[in-house]
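Chemist: This is the structure I have questions about; it appears just below.
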Amino acid sequence: MKIRKNYFLVLFLFPAFVIASAKRDFNEKSMEAYLMVYFKDQTHSLHMALSDDGYIFTDVNDGEPVIAGDSIAEQKGIRDPHIFRGPDGAFYLTMTDLHIFAKDEGLRDTEWECDGRQYGWGNNRGLVLMKSNDLINWTRTNMRVDQAFEGLENIGCAWAPQTTYDAKKKKLMLYFTMRFENGLNKLYYANVSDEFTRLETKPELLFTYPKGNVNYIDADITKVGKEYHMFYVSHEEGAGIKQAVSKSVNEGYVYDPKYYDPEGLGCEAPNVWKRIGEERWVLMYDVYRARPNNMGFSETTDFKTFADLGLFNNGVMKTTNFQSPKHGAVIHVTKKEADNLRNYWKEKQ
């Protein structure tokens, strides 16, 4: 698959302070479309797809990457993209800096960045942080988590970063999976600078799994009313999606033993998004054990009962020009934002 090298050349031309956040209204009533970011194992790059109805998604670049992983990541590949619209209206994009096939593709001499016997599968040290006002012009920071604070030098991974807003502190909050050497994978959080370039606080545990020797990864936090619903992946009985609920964004999550995905196959990367104008939410997840891999969907109105919507192209959710997406995230966008993004990539093709 050919990946263009001139994607988003403006990444390197605009310092963060140039892209100031415009004061616009971004409430749900102004939203008319859905944007999904995802990646593929074949490209280790960023992809984007749009939907006008929340059911049929079309890739803006006909299934090709919009940002090549080898142009933005220290390991020459990205995984686990997540996008969040901040209270300032700007888009905050986070990705894992990791290429799991780098040795096979001649990008490094070893299977992993560090010795896998000491640091575990897929070990990495960095995250990619990007910020934009228009989904086209981006600033970028390659952040080394192991260099951010004393005591993090021997982390074995920093995976699946996501952004949310801590209204109490009035700060953006970054949360992600981290482990020390080859220990358990756990969920951590930290405040991030307004420029989206560095951690301002040392990562702390976001949630403590009540049972020992269980890896738990891939958190996704959604505020509904006065509660925060955190879906995450538990490796207690295979890999499946569980939920914990709290009144606070970064503490007090209550363990729920129930699995909320209906798959029966290994799945990860939960992401919750709301249907525009409806009191219905979609729980999306990466069914990585499916062959070929695919995204699965369930729908809820109360976060207690979920209706299985099936997989992409095997139920009501459809793709038109791409297949096998991995670890996706969906947000609302305005019609103007969707049209501008479509037109930009139409002109590039």
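Chemist: Going by how many other beta carbons lie within 10 Å of each one, how would you line up Glu299, Glu74, Glu237, fewest first?
Modeler: Values: Glu299 18, Glu74 15, Glu237 9.
Ordered from fewest to most neighbouring Cβ atoms within 10 Å, Glu299, Glu74, Glu237 come out as Glu237, Glu74, Glu299.
Chemist: Take the chain, connect every pair of alpha-carbon atoms lying under 10 Å apart with a spring to form a Gaussian network, then pick out the residue of Asp41, Asp109, Asp97 with the largest mean-square fluctuation.
Modeler: Asp109
Chemist: Arrange Thr96, Thr208, Thr197 by Cβ neighbour counts within 10 Å, fewest through most, would you? Intermediate values should be presented prior to the final figure.
Modeler: Details: Thr96 28, Thr208 10, Thr197 15.
The most exposed by this proxy come first: Thr208, Thr197, Thr96.
Chemist: Take the chain, connect every pair of alpha-carbon atoms lying under 10 Å apart with a spring to form a Gaussian network, then pick out the residue of Ala167, Ala190, Ala68 with the largest mean-square fluctuation.
Modeler: Result for the chain, Cα springs under 10 Å: Ala167 fluctuates most.
Chemist: Only counting other Cβ atoms within 10 Å, I'd like Thr301, Thr164, Thr94, Thr201 sorted with the fewest neighbours first. Intermediate values should be presented prior to the final figure.
Modeler: Values: Thr301 12, Thr164 23, Thr94 26, Thr201 15.
Lowest count first: Thr301, Thr201, Thr164, Thr94.
Chemist: Continuing with this model, one more query. Would you list, by chain and number, the lysines whose Cα falls below 24 Å from the Cα of Lys318, excluding same-chain residues fewer than 8 positions away?
Modeler: Within reach: Lys40, Lys274, Lys326, Lys335, Lys336, Lys346.
Chemist: What's the extension gain from Glu200 to Lys171 if we count 0.36 nm per residue and subtract their Cα-Cα distance? Let's see the in-between values first.
Modeler: Details: separation 29, 0.36 × 29 = 10.44 nm, distance 0.99 nm.
Using 0.36 nm per residue and subtracting the Cα-Cα distance, I get 9.5 nm.
Chemist: GNM, the chain, Cα, under 10 Å: largest mean-square fluctuation among His332, His99, His235?
Modeler: Residue with maximal mean-square fluctuation among His332, His99, His235: His235.
Chemist: Please compute the length gained on full extension between Asp134 and Ser193, using 0.36 nm multiplied by the number of residues separating them and subtracting their Cα-Cα distance. Let's see the in-between values first.
Modeler: Numbers: separation 59, 0.36 × 59 = 21.24 nm, distance 2.01 nm.
Here the segment from Asp134 to Ser193 would lengthen by 19.2 nm.
Chemist: What is the distance in Å between the Cα centroid of the stretch 40-63 and that of the stretch 219-235?
Modeler: Going from one Cα centre to the other spans 24 Å.
Chemist: For the pairs Lys202/Lys258; Lys76/Lys202; Lys170/Lys304; Lys168/Lys202, flag any whose C-alpha to C-alpha distance is greater than 24 Å.
Modeler: Lys202/Lys258; Lys76/Lys202; Lys170/Lys304
Chemist: Count the DSSP beta bridges whose two residues both fall in the chain, then state the antiparallel fraction as a percent rounded to the nearest 5. Numbers along the way, then the final one.
Modeler: Numbers: 89 of 92 bridges.
Taking every DSSP beta bridge within the chain, about 95 percent pair in antiparallel fashion.
Chemist: Moving to a separate point now. Please check which bits of the stretch 38-72 a label hung off Asp104 would reach, taking the label as a point 7 Å along Cα-to-C-beta and the cut-off as backbone N under 16 Å.
Modeler: Backbone N within reach: 40-45.
Each value in this text was obtained by applying a stated rule to the coordinates, not by laboratory testing. Bear in mind that the values here come from a model prediction, so they are computed numbers and not experimental data. Note that we place each Cβ from the backbone using ideal geometry, even for glycine, and neighbour counts take in every protein chain shown.
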